[in-house]
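The values are calculated or read from the model by the stated rules, or taken from the named source; none is laboratory data. Predicted, not measured: the structure shown is a model, and the values here were computed from it. Positions of Cβ are generated from backbone atoms using ideal geometry, with glycine treated the same way; all protein chains shown enter the neighbour counts. Side chains included, ligands, DNA and RNA excluded: accessible areas come from the protein's heavy atoms. Shrake-Rupley method; radii C 1.70, N 1.55, O 1.52, S 1.80 Å.
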Amino acid sequence: QFAAMISRLDAYVGEIVALLKRKGLYDNTIVIFTSDNGPHEEGGADPEFFGRDGKLRGLKRQCLEGGIRVPFIVSWHGKTAPGQVSHLQLAFYDVMPTLCDIIGVKNYVKRYSNKELKPDYFDGLSFAPTLLGGKQPSHDHLYWEFHETDQIAVRRGDWKLVVMAGKPHLYNLANDVHEDHDVAALSPERVAQLGD
């Protein structure tokens, strides 16, 4: 059933793109395909059986790369070059600023803030410059938190601190993307820096 759902999803994306072309909307439409988390085991899904590539460790609701790093595919005819790959670190909260940037909404923080929440602000950065081949600002750090699994993580550049049930684990993703080599005991100063 899971394999059939993935095949059906792929076919539906193709149908949407074909419809955009038939309606003459494709040249003026950004198509984004992504996921909100890594693979899961819910409903009997088996990431190993379905050929997960093994490059990343972790599942949905975990702060390891396998639980949070997902493909982010953009097709924007005439704007993004086909086949390009970006290594920009971004998060879902970057999507709103990006779309506002693209359509020219400059006051989106004031316009779309929830006035009932204090403070209510946007942490996101527009990645429109990356899509259009321009100079891209980047996040100083990224942060994740999952109460269900008692995990938090902070990433700054190639360094990532993952705290599981109160215990810190430190990884250098430049040479350990699978997060096999916890160097927290060797770098207490970096653990403290990322934990601030």
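Return a whole-number percent for the relative contact order of the chain, with Cα pairs under 8 Å and 6 or more residues apart as the contact set. Present the calculation step by step, with values, prior to reporting the outcome.
On the way: 255 pairs, mean separation 29.8, N = 196.
Value for the chain: 15 percent.
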Relative to the longest principal axis of the C-alpha atoms of the chain, give the angle of the C-alpha long axis of helix 2-22, reported between 0 and 90° and rounded to the nearest 10°. 40
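Which net charge results for the neighbourhood of ASP101, defined as the other residues with beta-carbon distances under 14 angstrom from its beta-carbon, given Lys and Arg at +1 and Asp and Glu at -1? It would help to have the intermediate numbers written out before the result.
Working: positive: LYS79, LYS106, ARG111, LYS135; negative: ASP94.
Taking every other residue near ASP101 into account, the sum is +3.
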Cut-off under 5 Å, modelled amide H: who pairs with HIS169 long-range: VAL162, VAL163, MET164
Could you give me the ³J(HN,Hα) list for region 43-48, computed from phi with Karplus coefficients 6.51, -1.76, 1.60 and θ = phi - 60°, whole Hz, x at Gly and Pro? x, x, 5, 10, x, 5
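Quickly estimate the mean residue ellipticity at 222 nm for the chain, helices only: each DSSP H run with n ≥ 4 gives -39500 (n - 2.57), and the total goes over all residues, rounded to 500. Mind showing how you got there, number by number?
On the way: 6 runs with 52 residues, N = 196.
After summing the helix terms and dividing by the residues of the chain, the value is -7500 deg cm²/dmol.
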What percentage of the solvent-accessible surface of region 1-108, computed with a 1.4 Å probe over protein heavy atoms, is contributed by carbon and sulfur atoms? 56
Counting other Cβ atoms within 10 Å of each Cβ, which GluC sites (Glu not before Pro) in region 1-48 have at most 13 and sit in a DSSP loop? GLU41, GLU48
The answer for the longest stretch of the chain without any exposed trypsin sites (Lys or Arg not before Pro) (DSSP loop, at most 13 further Cβ atoms within 10 Å) is 136-196
Rounded to whole Hz, the Karplus (6.51, -1.76, 1.60) HN-Hα couplings of region 25-33, x for glycine and proline: 9, 4, 5, 10, 10, 9, 10, 10, 10
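Could you state the per residue volume, in Å³, of the convex hull enclosing the Cα atoms of the chain?
174
For region 112-183, run through the GluC sites (Glu not before Pro) and keep only the ones in DSSP coil with at most 15 other Cβ atoms within 10 Å of their Cβ. Each step should come with its number before you reach the end.
Details: sites: GLU116, GLU145, GLU148, GLU179; in loops: GLU116, GLU148, GLU179.
Counting only loop positions with at most 15 other Cβ atoms within 10 Å, the GluC sites (Glu not before Pro) in region 112-183 are GLU116, GLU148.
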Once phi is turned into ³J(HN,Hα) by the Karplus curve 6.51 cos²θ - 1.76 cosθ + 1.60 with θ = phi - 60°, what whole-Hz value does each residue of region 81-96 show in order, with x for glycine and proline? 7, x, x, 6, 10, 10, 9, 4, 8, 9, 9, 4, 6, 8, 5, 4
